[in-house]
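The values are calculated or read from the model by the stated rules, or taken from the named source; none is laboratory data. Source: prediction; values computed, not measured. Cβ placement follows ideal geometry from the backbone for every residue including glycine, while neighbour counts extend to all protein chains displayed. Accessible surface is based on the protein model in full, side chains and every heavy atom, while ligands, DNA and RNA are left aside. Shrake-Rupley method; radii C 1.70, N 1.55, O 1.52, S 1.80 Å.
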Amino acid sequence: MGSIIVLAILIGIAFFVVGLYNGLVAARNGYKNAFAQIDVQLTRRYDLIPNLVEIAKSYMKHERETLEAVIQARNSAVSGLSAAKANPGDAVAMQQLAGADNALTQTLGRLFALSEAYPDLKANQNMMQLSEELTSTENKVAFSRQAYNDAVMGYNNRREMFPGSIIANSFAFAPAEPLKIESDAKRDVPKVAFT
């Protein structure tokens, strides 16, 4: 009778450990899925930018340096996204992505500020449509970041709280890094209104 009780306790402990492990796996997959949503939105954003620059080129012939800076920042952001996509949650990859995306936002801001001096460009239907799509995509990126950061927080909580921390450390569940934007100025969506 005593061995049956011991066996039942061991089976109960085994189920408990398996449940904790599976919960950590589900939480890790959750934040990776949330990052995939950021990937979709950032890829869309990055795909819109070359079209925007092409339209602006024909009007802003004397602003070549700004246009090249936008393309260079876009390419850097695409590289940062690729690195982050390879390892979502990695602290270095998230910091590189945030930095590259912030640089892109700043160069886009310069492009839109310069475009104010070109009334024909502001009135261009394609430019207005691309600007509207970019603004919509920026909003979707913000929502995706929030969902990702919430998923990372849930995973990290499971990973760090007892008794999950014992299982997480035993099976090398690494902490995940949220996608942070350092300052309030960098949190602003670029203004793309052409009126």
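Observations on the structure shown:
- Within segment 25-38, residues that are part of a helix (DSSP H, G or I) sit with their Cβ atoms under 6 Å from residues that are among the polar types (S, T, N, Q), at 6+ positions apart or across chains, in these pairs: Gln37/Ser144; Ile38/Ser144.
- Only residues that are of a type in the set (Gly, Ala, Ser), over 29 Å from Thr107 (Cβ atoms) and surrounded by 15 or more Cβ atoms within 10 Å (Cβ to Cβ) were counted across segment 24-56, and they come to 2.
- Entry remark, segment 80-135: residues being crowded, with 21+ Cβ neighbours inside 10 Å and in a loop (DSSP other than H, G, I, E, B) number 2 in total.
- Selection status of Ala69, part of a helix (DSSP H, G or I), surrounded by 13 or more Cβ atoms within 10 Å (Cβ to Cβ) and over 13 Å from the mean Cα position of the chain (by Cα): yes
- Exactly one residue out of Ile9, Ile5 is under 24 Å from Phe162 (Cβ atoms), surrounded by fewer than 17 Cβ atoms within 10 Å (Cβ to Cβ), more than 21 Å from the chain's Cα centre (by Cα) and of a type in the set (Val, Ile, Thr): that is Ile9.
- Neighbours by Cβ (under 9 Å, 6+ apart or cross-chain): first from segment 59-77, closer than 13 Å to Phe112 by Cβ; second at pLDDT 95 or above and not in a helix (DSSP H, G or I): none
- Selection within segment 25-50 - within 13 Å of Asn149 (Cα to Cα) and not polar (S, T, N, Q): Ala27, Arg28, Gly30, Tyr31, Lys32, Ala34, Phe35, Ala36, Ile38
- Looking only at segment 143-174, and only at residues there that are free of Cβ contacts under 8 Å to residues at least 60 places away in the same chain and not in a helix (DSSP H, G or I), the one that is most open to solvent (accessible area, probe 1.4 Å): Phe162
- Yes/no for Lys61 being of a type in the set (Lys, Arg), surrounded by fewer than 18 Cβ atoms within 10 Å (Cβ to Cβ) and in a loop (DSSP other than H, G, I, E, B): yes
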